[in-house]
Each structure stands twice: as structure tokens, then as C-alpha cells.
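For reference, the structure is listed below as C-alpha cells.
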Amino acid sequence: MYRQILLADEDQKYQQILWRKNSNEDIHTYKLKTVTYGLASASFGATRCIKQFALDIKDNPNLSQILQEDIYMDDLLSGSDTPNNAISICKDIVHVLSTRGFHLRKWNSNSTEFLAQFSEHSSHDTRVEFSKDSNESSKVLGLFWNSSNDTFGFQPSLELTPPLTKRRILSESSKIFDPLGLLSPCTVFMKIFYQKLWLTKTDWDSPIPQQLTDDWLKFQKAFNEINYLTVPRWVILTADNTVELHGFADASSLAYAAAIYCRQKHNGKIKVQLLVSKTKVAPVKQVSIPRLELCGAHLLSKLFKNRHPRKWKTFVANRTSEILEVLPTKHWRHVPSKENPADIASRGIDPKYLPEGLLNSRPLSYVNDSDIECISTLTPSHFLTGDVLLSVPEELPSTSNHRNRWELLQNIKRGFWKKWSSDFLSSLQPRKKWQIAQPNLKEDDIVLIKEEGPPGTWPMARVLQVHPGNDGLVRVATVKTQDSIYKRPVHKLYKLPIYPN
């Protein structure tokens, strides 16, 4: 690709080399006229040429958009709704690029009809590797696309052995290529590990502490077994689908994460699929959980206040303003951590628990189309946690005296119920001022007298006399039952609705 890009005459002088075949010859000066590998500006020059091609054909907005958005260096990754449309687009792109010296080859597709149209080109292989670099080892495996099954897969190969150093760990972990964040619950462990490693202030080529060595080897062994994981590449999108994008974010003391899901409804059936996720490690400086949740655009119930962001602290105000610029306030909802899919990515998880989570989330009975709208399907996780398995439980505190821990929990429990009964329970029966005028009682009205016991046992009475106040409102009345005569306040008298014939 680089050798197809000609440099301007005034720039060729910066790519001069001195050369001679043997020591007996004179030294000759050569100028390289095309973009040269290894220069800092090489990748920019190639990308800028592609962008210029797109600008040259801006009268064809579809092709122009593909050239600007679907090319990563020298790889074109695009698609279409139908094979015929994809074939037409590719022929146009081939023509545009070939007339400018860029020749596309090594085609691959999940459509045999598409590949048949480009049989003169090498289809390379049924599997295309996006992350492989020709300058690196062939064992550096990243994200794979299996065109026959149309799925994404991973083939990790972490092979470090003690003694471990900071340089070796960073070099080995760079083999993992997860651009969509499909492995975020596992790869977030590495980010957290890097932070711990940096805090030790170990030199680049010095052995790391034994505890960190054990942690890495344990993770490496589990992560290398993740090659069973496959993810469908195709997100079903048709014109008659109802499509919604749902974003989830959460934070822990170690990291915070965000995940985007696509929810589609077609012919009464609902399909939900993970599109992309991203994780970031929490800063070394101690930051409160609410602030970390804010970094993940979470806990919006604490942020939904009718106050301008400039009235908050700078940290909160800046991030809140950026969030509200992207999505209006009405698009945000609070999701408890227990039900938040991003929770697992913010805490991290051992790769060995991924298949366990899949098995425990499978329904115990057959699920038909009529069960789609039901609240929940019975799974093994209901017997383990009482709900759908969406989050990782917190680790039990390490303590040798479990009795003291149990007594502390009991005291917290008693304190909670005491606080609930004294503060919250009484608020369920508020005594508010009467804001709406009610008609006064009159003589001969039939009423019920409120007493201890259920309403069915309250005695019936007739109003003999009313006692209005200075403002003309009746607050006390004299009533007669079948046994006696009483004087009662009106809030204990309930007038019966008696309608005339």
C-alpha cells in the first residue's frame, strides 16, 4: 500500500539513503519516491490518501462514506443487506481504488454468492484474522472471524513463565486484541493488575513480587482456556424491526465499565445482543464510589436534580455537562447493580466462571414464544442467588473470628429494623391539614362512630345537635345511638351516604 503512494518532489529529499554494493565502489545517493515503511508519517500519509479518494467521489455519498469509515489501514471491512448490493458496492470500490493504484485482494465473506463473483482473487482462508501483524510472531492471535459460522472468536496464547518482569508482562498482554470489549469482564483484570504492578515501582527488567506472579500465572492459565467463546457477528437489523439501544454503566472500587446492548422486536419476538463494552481502571488516588459511578455515567438518581451543573463541584460538573451533551436527561434511568449487566465488567471475573455463568443462566424448562413477555424464566441461578445471575457477589471478608462478624451483622440488622419502625413506618400515615372544604354535619344525619375494632363493629347513630364554632364550621356534634347519647368530634363521625328514593 505504501509503495503505491508517490511523494511530492519537494518531500523526496527527506528520504535519501546512501548505498554501495561493496567497499570499492563510490557511495551513491538515492531518493525514495514513495512512502516508506517505518516512518512516523507513513500511516498518516496512507490514511490521508484514502480520505482524499473519498472526497473526490463525494457525489456518491455511499461509496464516500465506506472509504472514510470502513477502512482500517489497508483492510476494508464493510457489508450490505443483500449479496447483490454488496457485489455492486465492491465492484464500484474496486474501480475507484484500482484507478488510483490501490488493488484490493484476498476477499472473504459469509456469502458464497459474493465470493463467486471474485473467484479470480484469492479468498485467502475461511477465517480472517483482524489483529495479526506481519512483523510479529504467528502465535499472536487476536480477534477471529469464522466466515462459515459468521461468528467472532478468540484464541488467546499467554505463555509467560517465571521469573516475570514488567516488560515481559506488557509485551505478552499486548497479544490480546478485543476491540469490541467482548472479553471486558476478563481483560479488566489485566488493567487492574497493571495498576498494582506500577504501584510496586518495580524496574522494567526486575522480577515482580511473588504475590503478583502467582496472580498473573493463575489468570494466564484460566484465560488460555477461553477459546471456546464465540459471539455471533450479525446483529439482525431489518427495515421492519423495532430497534432500541440500551446502555448500562457501573463502577466498583477497582474499575468502571459501560456496555451497549441492541434490543430488537420483530414479529413479536425479542432479541437482545451485546454490541460493545469498555472498561477503565479506577484512578490510584482514592475516589468515592459515587464519583466512580459518575465516571461511568451511572447512579443518575443522585444526579437528577433541578440544579445547573455549574453549582456542583468541578469534578462532578464537568462530567455531568459532557454526559448531558451526548444524551438528554430523559434518556437516563437508574439500574440497581444486581440487575446491571455492566457490573461484572467493573469488578472483573475469572475466565473459568464464564461457562458456569452460561450454564446457570440457561432455562430449566422449554421456553416458547409465548413466554417472551414473562418476567423471568426459572434458571439454576434462581436457586443459587434467588434471581438471574447478572453480577458477581462481593468476596467474603477475610477474618479469623467469624462470631464477632456475625454479632456485628446482627447488630446492624437490629439497628436497621429499629430505624425503619421509628422513622419510616410512621411516615406511612401522615396527618396532613385539610385543604378541601367539606359540608358540615346536619341534624338527623346518620353516621358511624369510630371506635376501637374493625369498622364492621362501629355503632350507628343519628345527629341530634351540631355545635358550630365562631367560623361557622362544625367540629363537634351530639349523636344518639340505641343505647345512649354521646358528644363526639367530627373526625370520628363518618356520615353514611343515604340517597332519597
Practice task
Would you be able to say whether some residue in the stretch 72-83 is touching a Gly at 6+ places or on another chain (Cβ under 7 Å) and at pLDDT 85 or above?
Solution key: no
Selection from the stretch 1-20 of residues assigned to a loop (DSSP other than H, G, I, E, B) and surrounded by 13 or more Cβ atoms within 10 Å (Cβ to Cβ) yields MET1, ILE5, LEU7
By residue number, the members of the stretch 262-271 that are surrounded by fewer than 17 Cβ atoms within 10 Å (Cβ to Cβ) and under 13 Å from the mean Cα position of the chain (by Cα) are none
Taking the stretch 21-37 and keeping residues within 16 Å of ASP11 (Cα to Cα), part of a loop (DSSP other than H, G, I, E, B) and not aromatic (Phe, Trp, Tyr) leaves LEU32, LYS33, VAL35, THR36
For the stretch 469-480 the number of residues that are in contact (Cβ under 8 Å) with a residue 24 or more places away in the chain and in contact with a Lys or Arg (Cβ under 8 Å, 6 or more places away or on another chain) is 2
Here the qualifying pairs (Cβ atoms under 7 Å; residues six or more apart or on different chains; first in the stretch 53-73 and part of a helix (DSSP H, G or I); second not aliphatic (A, V, I, L, M)) come out as PHE53/ARG100; ALA54/SER64; ALA54/GLN68; LEU63/ASP92; SER64/LYS58; ILE66/SER78; LEU67/PHE53; GLN68/LYS51
Within the stretch 481-500, residues in contact (Cβ under 8 Å) with a residue 40 or more places away in the chain and surrounded by 10 or more Cβ atoms within 10 Å (Cβ to Cβ) come out as VAL490, LYS492, LEU493, TYR494, LYS495
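The values are calculated or read from the model by the stated rules, or taken from the named source; none is laboratory data. The shown structure was predicted, so the numbers you read here are calculated from the model rather than taken from an experiment. Here the Cβ is made from the backbone with ideal geometry for all residues, glycine too, and neighbour counts use every protein chain on show.
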